[in-house]
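Beneath this line is the structure, given in structure tokens, with notes to follow.
The values are calculated or read from the model by the stated rules, or taken from the named source; none is laboratory data. All figures in this text were calculated on a predicted structure; none of them were measured in a lab. So basically every Cβ, Gly included, is an ideal-geometry build from the backbone, and we count neighbours across all protein chains shown. Protein only, heavy atoms only, side chains kept; ligands, DNA and RNA dropped before computing areas. Shrake-Rupley method; radii C 1.70, N 1.55, O 1.52, S 1.80 Å.
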2 protein chains.
Amino acid sequence: MSKKTKVADVHSLADELRVGKGFRLADVDPGSTPGFDGGKKAGAALLWERLDELGDWQEKLHAESTAGSERRLLLVVQGMDTAGKGGIMRHVVGAMDPEGVRATAFKKPTDEERRHEFLWRIRNALPGPGRVGVFDRSHYEDVLAVRVHDLVEPAEWRGRYAIINAFERDLVRDGTTVVKVMLHLSRDEQKARLTKRLDRPDKYYKYNPGDVDERGYWDDYMEAYQVALTRCSTTAAPWYVVPADHKWYARLAVQTLLLDAFERLDPQWPPASYDVAAEQRRLAES
Amino acid sequence: MSKKTKVADVHSLADELRVGKGFRLADVDPGSTPGFDGGKKAGAALLWERLDELGDWQEKLHAESTAGSERRLLLVVQGMDTAGKGGIMRHVVGAMDPEGVRATAFKKPTDEERRHEFLWRIRNALPGPGRVGVFDRSHYEDVLAVRVHDLVEPAEWRGRYAIINAFERDLVRDGTTVVKVMLHLSRDEQKARLTKRLDRPDKYYKYNPGDVDERGYWDDYMEAYQVALTRCSTTAAPWYVVPADHKWYARLAVQTLLLDAFERLDPQWPPASYDVAAEQRRLAES
């Protein structure tokens, strides 16, 4: 494994992927690899090298919470079907201690969830102090799938952008670092990935005939994403759009965004809450 | 990394570690490595090689559940402080998709938990269909710490062994494969590990003055373990005692026990619930 690729190579990545003023999703090439000059091999090697780093940060965040800190991290992952959300879970999030991670996949709302306002199930899945929460899909479906398929009145989904921004502002104010990632896949690459699922009996279970129907709404989805990304990329909780036609790049990018977020969060080892020297003596005699 | 160490080398491991007739905890050497002839380097390499295998099994178990199967797996990890439970979480359990894993650390019961019978919080943490549940400590604390410190009347804890056996029998009958592991550490190795925590400011948070007090009850704990291991090692849900003075061995052993359990469970890829050829045509035209 090459040790030559340095973290420095991907340091500007967050800046390149952040959704800012004048952002246009249509201008992002899903096959590009912004902020990283190496190829697949170097990218995979770097991902690998930094697995422990991510686990170490999570431990430090947890350690801080044992002394009363309320800080925590929330990773939101959005993307069209087959965009690689599952791979992010297994290959990036999996590097952290499972006890320190709270991962939730948001599916079509259940009857109970539907009886509550749309943020209810989201609030129930937020991470506790010292934890890393991970959302596979999220409250953004309520301005994506819901908007595309007119599942509620337009007046209702139109009001949700402001509600989401206020909700996320509160999260940040209360000590949550929010990292929002859209895995941006091309329509052609999605077709290739769905085709693969139909070629392999061990992937049949991942395919749903509804996936093809959804492809008919591709442009509507891109429009809904464009609006959600620009209206809800705030200073407190910016959106990052990660080109996702190359799985290795998407994983490396999300890992980098998480490492950056931890670095900014900068959790602290808590001081000993006991007399270290006295404990050393007691222990020696035990 | 050596590819020469084969799974075959560790295949008898489960048989060697299972708690059977006449088992005596005092006869198990915490520094031994039953069922594995290689050393640390070969053991770590093998652990590494099989990380994906564990993730693949978990995916298959999840896949099976999408077609209605209720089967699931529960890993219970017990051990004295510093026995390496955290390392098992990060280095073994972490190889599986976080969305497919439900990990719970059982601490001293909260006031609410205390108002319910001792299995209440356990039932609330059981994995759903297709999931892998992981308990870091468990209902066994209710016949270990509780027994050692007389936290309930003897008549009460005495009745719990039978309650636990009935509870686990029901779990197994309802489709849960139960893997129970005790990480068996020596008193001296615990001292060395606690001493290290007091030597490193980044590990202070893991140390608790109560840990030294607990060392005074070491023999009582071993006696309580002896009884729990022998009374609750059933055909349905056997106990495995894993020597834990070598961290690399303990991780390799637990990984092997999980792989064995998955192999016996033998989850099946569900057949397509749709017409594959028709979907291939529809997709091609989409």
Discussion item. It is to be established whether one or more residues within the range B:102-115 are surrounded by 20 or more Cβ atoms within 10 Å (Cβ to Cβ), within 19 Å of B:Asp260 (Cα to Cα) and free of Cβ contacts under 8 Å to residues at least 40 places away in the same chain.
Written reply: no
Worksheet entry | Number of the exception - B:Arg90 against (1) without any contact (Cβ under 8 Å) to a residue 40 or more places away in the chain; (2) under 25 Å from B:Trp248 (Cβ atoms); (3) not in a helix (DSSP H, G or I) | (3)
Item to complete: Tell me which of these A:Ala237 doesn't satisfy, since it passes every other one: (1) farther than 24 Å from A:Ser12 by Cβ; (2) open to solvent by less than 10 Å² (accessible area, probe 1.4 Å).
Response: (1)
Worksheet entry | Candidate set from the range A:256-277 (those that are more than 14 Å from every other protein chain (Cβ to nearest Cβ) and within 18 Å of A:Val93 (Cα to Cα)); member that is most open to solvent (accessible area, probe 1.4 Å) | A:Glu263
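Quick check on the range B:62-75: of everything there that is touching a Lys or Arg at 6+ places or on another chain (Cβ under 9 Å) and closer than 19 Å to B:Lys180 by Cα, which residue is most open to solvent (accessible area, probe 1.4 Å)?
Pass one, the range B:62-75, residues touching a Lys or Arg at 6+ places or on another chain (Cβ under 9 Å): B:62-66, B:72-75.
Cutting the leftovers down to closer than 19 Å to B:Lys180 by Cα gives us B:72-75.
Numbers: B:Arg72: 39, B:Leu73: 0, B:Leu74: 4, B:Leu75: 1 Å².
Here the answer is B:Arg72.
Does B:Tyr205 qualify as being under 15 Å from B:Leu17 (Cα atoms) and part of a helix (DSSP H, G or I)?
Values: under 15 Å from B:Leu17 (Cα atoms): no; part of a helix (DSSP H, G or I): yes.
No.
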Worksheet entry | Checking B:Ala253 against (1) surrounded by fewer than 19 Cβ atoms within 10 Å (Cβ to Cβ); (2) modelled with pLDDT of 95 or more; (3) small (Gly, Ala, Ser), the condition it does not meet | (1)
Fill in: Residues within the range A:213-241 that are of a type in the set (S, T, N, Q), outside any helix (DSSP H, G or I) and either touching a residue at least 24 places away in the same chain (Cβ under 8 Å) or under 20 Å from A:Lys196 (Cα atoms) (or both), tallied
2
Worksheet item: Which of (1) buried (at least 24 other Cβ atoms within 10 Å of the Cβ); (2) within 12 Å of another protein chain (Cβ to nearest Cβ); (3) within 30 Å of A:Pro271 (Cβ to Cβ); (4) not basic (Lys, Arg) is the odd one out, the single condition A:Glu99 does not satisfy?
Response: (1)
Worksheet, complete the sentence: Exception for B:Gly210 within (1) within 24 Å of the chain's Cα centre (by Cα); (2) not in a loop (DSSP other than H, G, I, E, B) falls at (1)
Discussion item. What's the total number of residues in the range A:163-212 that are in contact (Cβ under 8 Å) with a residue 60 or more places away in the chain, within 24 Å of B:Ala277 (Cα to Cα) and of a type in the set (A, V, I, L, M)?
Written reply: 1
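Return the residues of the range B:242-255 that are farther than 16 Å from B:Ala95 by Cα and assigned to a helix (DSSP H, G or I); say none if nothing qualifies. Steps first, answer last, please.
Residues of the range B:242-255 that are farther than 16 Å from B:Ala95 by Cα, as a first pass: B:242-247, B:249.
Of everything in the range B:242-255, those that are farther than 16 Å from B:Ala95 by Cα and assigned to a helix (DSSP H, G or I) turn out to be B:Lys247, B:Tyr249.
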Discussion item. Please verify whether B:Lys4 is exposed (fewer than 15 other Cβ atoms within 10 Å of the Cβ), out of contact with any Ser or Thr (no Cβ under 6 Å at 6 or more places or on another chain), at pLDDT 90 or above and more than 28 Å from B:Thr235 (Cβ to Cβ), treating the condition exactly as stated.
Written reply: no
Worksheet item: Does B:Gly38 count as modelled with pLDDT under 95 and over 30 Å from A:Ala105 (Cα atoms)?
Response: yes
Discussion item. Can you pull out every residue in the range B:50-104 that is within 30 Å of B:Ala145 (Cα to Cα) and polar (S, T, N, Q)?
Written reply: B:Gln78, B:Thr82, B:Thr104
Worksheet item: So, of the residues in the range A:55-94 that are of a type in the set (A, V, I, L, M) and over 14 Å from the mean Cα position of the chain (by Cα), which turns out to be nearest to the other protein chains (Cβ to nearest Cβ)?
Response: A:Ala63
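Residue by residue through the range B:159-186, note down the ones that are of a type outside the set (A, V, I, L, M) and within 15 Å of B:Lys247 (Cα to Cα).
Matches in the range B:159-186: B:His184, B:Ser186.
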Practice prompt. Examine the range A:166-186 for a residue that is away from every other protein chain (no Cβ under 14 Å) and of a type in the set (Phe, Trp, Tyr), and state whether such a residue exists.
Written response: yes
Worksheet item: Restricting attention to the range A:187-199, which residues are more than 9 Å from chain B (Cβ to nearest Cβ) and under 22 Å from B:Ala67 (Cβ atoms)?
Response: A:Arg193, A:Lys196, A:Arg197
Discussion item. For A:Asp220, only one of the following conditions fails: (1) within 23 Å of A:Pro30 (Cβ to Cβ); (2) acidic (Asp, Glu); (3) surrounded by fewer than 13 Cβ atoms within 10 Å (Cβ to Cβ). What is its number?
Written reply: (3)
Practice prompt. Could you list, in sequence order, all residues of the range A:203-255 that are within 14 Å of another protein chain (Cβ to nearest Cβ) and among the basic types (Lys, Arg)?
Written response: A:Lys203, A:Lys206, A:Arg215, A:Arg251
